[in-house]
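See below for the structure under consideration.
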Amino acid sequence: FWQHFNDEMRIRFNEVAYNAWFKNTKPLSYNKNTHELKISVQNPVAKGYWEKNLASQLIQSAYGYNGMEILPVFQIEGEAGPERIVTPEPRQPAKQTVTHHQNDEFTKDLSLNDKYTFDNFVQGEGNKLAAGAALAVADSPGSFYNPLFIFGGVGLGKTHLMQAIGHQMLAERPNAKVVYIQSETFVNDFINSIKNKTQDQFREKYRTCDLLLVDDIQFFAKKEGIQEEFFHTFETLYNDQKQIVMTSDRLPTEIPDLSERLVSRFTWGLQVEITPPDLETRIAILRRKAEAEGLTVDDATLNYIASQVDTNIRELEGALVKVQAHATIEKEDINVNLAHDALADLKLVQKNRGLQISKIQEVVANYFQTSTEELKGKKRVRQIVIPRQIAMYLSRELTDASLPKIGQEFGGKDHTTVMHACDKIKNQIKIDSDIKSAVFELTQMLDR
Ligand code: ADP
Ligand code: MG
């Protein structure tokens, strides 16, 4: 997560500012119970800047990234924090501590998130069919709806519901083998197993579980070898009457180049959509979240926040976290005015909510009289490179998609390529008036 935040900020700041605030700033430790994230900064100026300007973004970004709640505490390098335990041994070099914690706390993706339970899932218009199906599956796995395929937009609760099934199964059968994975993990595991000749272990891991949860399966698009492997995994589990649950941002038939036999197998069970929550559901979710956090937020404020974010529940929760951070920093109580101030900068992304990267590609391709295929392709001639970089830049500015996600949408490019493109265009805008006006006009076109 720290890396992710740094990448995000590297794009937002120029190099000098980035180095000043980030280069010598490092996470030291994270306490799971208190959520305290100790961060070492180089000097008092950096400490002040982080507390005033970056802390709330960090909180929000951590939350948005993987639901991690953090309470940043800044500590000037070399000065021991008040609660540091003094040991007689020589002090550990800071670097070592950092790596240790990163491995331990920052990159966990295989386990279930404690909070994603049925108890914590607010049912409402938009998700009640999916919730009902998930409950049915949890109740009798491997029988009715196999596979269960949950699809819908970003941040609507797909991962939450899927993991709730896992929790429920483990609550009833603590020894059950539940495997939750992001589809990319399956891809990586498979590739590694070929490289390391450990295919047996790979198959053991995936083909012998009681419940297989594969999140965001749209990333299997166009990957033939992976699809082939997943087909056999699927067949084995299905024949053993083991439950399979998948999520995706779209229907199987809409996943590019998904093999016929997978499409058809995915439809054997039940496909159920989650659609955006109505206002009432959004308020209920916020109220639940505020209670869980021990916050006092009056109805008017809940209503206000819920009215500001109307599609993505992760963003909705992020908005509450942001209001909370604002209140802490300003030392004020939470009320409508404060919420209004805290959320002022949500407007840009909000205004463009629902804007799809594919739409951006289409408009940019049209503008430069090239094609979306070329934008997603690998050609390195200037007439294509510039439009491609502009399209990546606009995807970054106008949607809330992450760098890897944007890379994915551009023919599976690496996130560093996207980062480079964004930096490049950001600089070009300052010195090249053609690029500046193109970006300006495109932004206007996309705003409509
Ligand atoms: P998706 O996988 O569809 O992108 P997530 O499952 O990650 O979305 O949900 C985003 C955030 O919103 C999570 O923190 C999740 O707990 C929360 N959330 C989504 N739907 C609900 C709901 N109905 N009730 C409570 N929290 C929800
Ligand atoms: Mg998800």
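Miscellaneous remarks
- Hey, Met162 assigned to a helix (DSSP H, G or I), under 20 Å from the mean Cα position of the chain (by Cα) and surrounded by 19 or more Cβ atoms within 10 Å (Cβ to Cβ) or not: yes
Results for (1) modelled with pLDDT of 95 or more; (2) within 16 Å of ligand 1 (Cβ to nearest atom), shown as yes or no for each residue.
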| site | (1), (2) |
| --- | --- |
| Tyr145 | no, no |
| Lys158 | yes, yes |
| Ala164 | yes, yes |
| Ala171 | no, no |
| Gln182 | no, yes |
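- Within region 147-202, being in contact with a helix residue (DSSP H, G or I) (Cβ under 8 Å, 6 or more places away or on another chain), more than 20 Å from Phe219 (Cα to Cα) and not β-branched (Val, Ile, Thr) holds for Ala164, Gln168, Met169, Ala176, Gln199, Gln201.
Yes/no per residue for (1) more than 20 Å from the chain's Cα centre (by Cα); (2) polar (S, T, N, Q):
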| residue | (1), (2) |
| --- | --- |
| Glu229 | yes, no |
| Thr247 | no, yes |
| Pro276 | no, no |
| Arg288 | yes, no |
| Ala292 | yes, no |
| Asn303 | yes, yes |
| Asn312 | no, yes |
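- Taking each residue of region 213-232 that is polar (S, T, N, Q) and looking for partners that are more than 16 Å from ligand 2 (Cβ to nearest atom) with beta-carbon atoms closer than 7 Å, six or more apart or interchain, yields Gln227/Leu258; Gln227/Ser259; Gln227/Leu262.
- Condition broken by His167, with the remaining ones in (1) surrounded by fewer than 17 Cβ atoms within 10 Å (Cβ to Cβ); (2) closer than 24 Å to Asn120 by Cβ satisfied: (1)
- Considered as a group, the residues in region 366-379 that are assigned to a helix (DSSP H, G or I) and under 27 Å from the mean Cα position of the chain (by Cα) include one that is nearest to Lys424 (Cα to Cα), and that residue is Leu375.
Each row is one residue, and each column tells you yes or no for (1) within 13 Å of ligand 2 (Cβ to nearest atom); (2) free of Cβ contacts under 8 Å to residues at least 24 places away in the same chain.
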| site | (1), (2) |
| --- | --- |
| Gly155 | yes, no |
| Thr159 | yes, no |
| Met162 | yes, no |
| His167 | no, no |
| Tyr180 | yes, no |
| Phe186 | no, no |
| Asp189 | no, yes |
| Ser193 | no, yes |
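- For Arg382, the criteria (1) open to solvent by less than 80 Å² (accessible area, probe 1.4 Å); (2) over 27 Å from the mean Cα position of the chain (by Cα); (3) among the charged types (D, E, K, R) hold in every case but one, which is (1).
- Residue match in region 70-77 (condition: within 16 Å of ligand 1 (Cβ to nearest atom), modelled with pLDDT of 80 or more and either of a type in the set (Gly, Ala, Ser) or on the phi > 0 side of the Ramachandran plot (or both)): no
- Pair list, Cβ < 6 Å and 6+ apart or interchain, from region 398-417 residues that are in contact (Cβ under 8 Å) with a residue 60 or more places away in the chain to residues that are in a helix (DSSP H, G or I) and buried (at least 20 other Cβ atoms within 10 Å of the Cβ): Leu403/Val418; His415/Leu403; His415/Gly407
- Pair list, Cβ under 8 Å, 6 or more apart: region 422-434 residue among the β-branched types (Val, Ile, Thr), other residue open to solvent by less than 80 Å² (accessible area, probe 1.4 Å): Ile425/Gln389; Ile425/Ile390; Ile425/Met392; Ile425/Tyr393; Ile425/Ile435; Ile425/Val439; Ile429/Ile435; Ile429/Val439
- Residue identified as loosely packed, with under 14 Cβ neighbours inside 10 Å and modelled with pLDDT of 75 or more among Asn53, Asn103: Asn53
- Tally of residues being away from ligand 1 (no atom under 16 Å from the Cβ), open to solvent by less than 50 Å² (accessible area, probe 1.4 Å) and closer than 20 Å to Ala136 by Cβ across region 235-251: 3
- In region 108-159, the residues that are open to solvent by 20 Å² or more (accessible area, probe 1.4 Å), in contact with an Asp or Glu (Cβ under 6 Å, 6 or more places away or on another chain) and not in a loop (DSSP other than H, G, I, E, B): Phe151, Thr159
- Entirely in region 253-350, the helices (runs of 4 or more DSSP H) that have 2 or more residues that are within 16 Å of ligand 2 (Cβ to nearest atom) and touching a residue at least 24 places away in the same chain (Cβ under 8 Å): 313-330
- Matching residues, region 170-201, being assigned to a helix (DSSP H, G or I) and open to solvent by less than 30 Å² (accessible area, probe 1.4 Å): Ser183, Thr185, Phe186, Val187, Phe190, Ser193
The values are calculated or read from the model by the stated rules, or taken from the named source; none is laboratory data. Predicted, not measured: the structure shown is a model, and the values here were computed from it. No Cβ is skipped: glycine too gets one built from the backbone with ideal geometry, and neighbour counts run over all protein chains shown. These area figures cover heavy atoms from the full protein model, side chains too; ligands, DNA and RNA do not enter into them. Shrake-Rupley method; radii C 1.70, N 1.55, O 1.52, S 1.80 Å.
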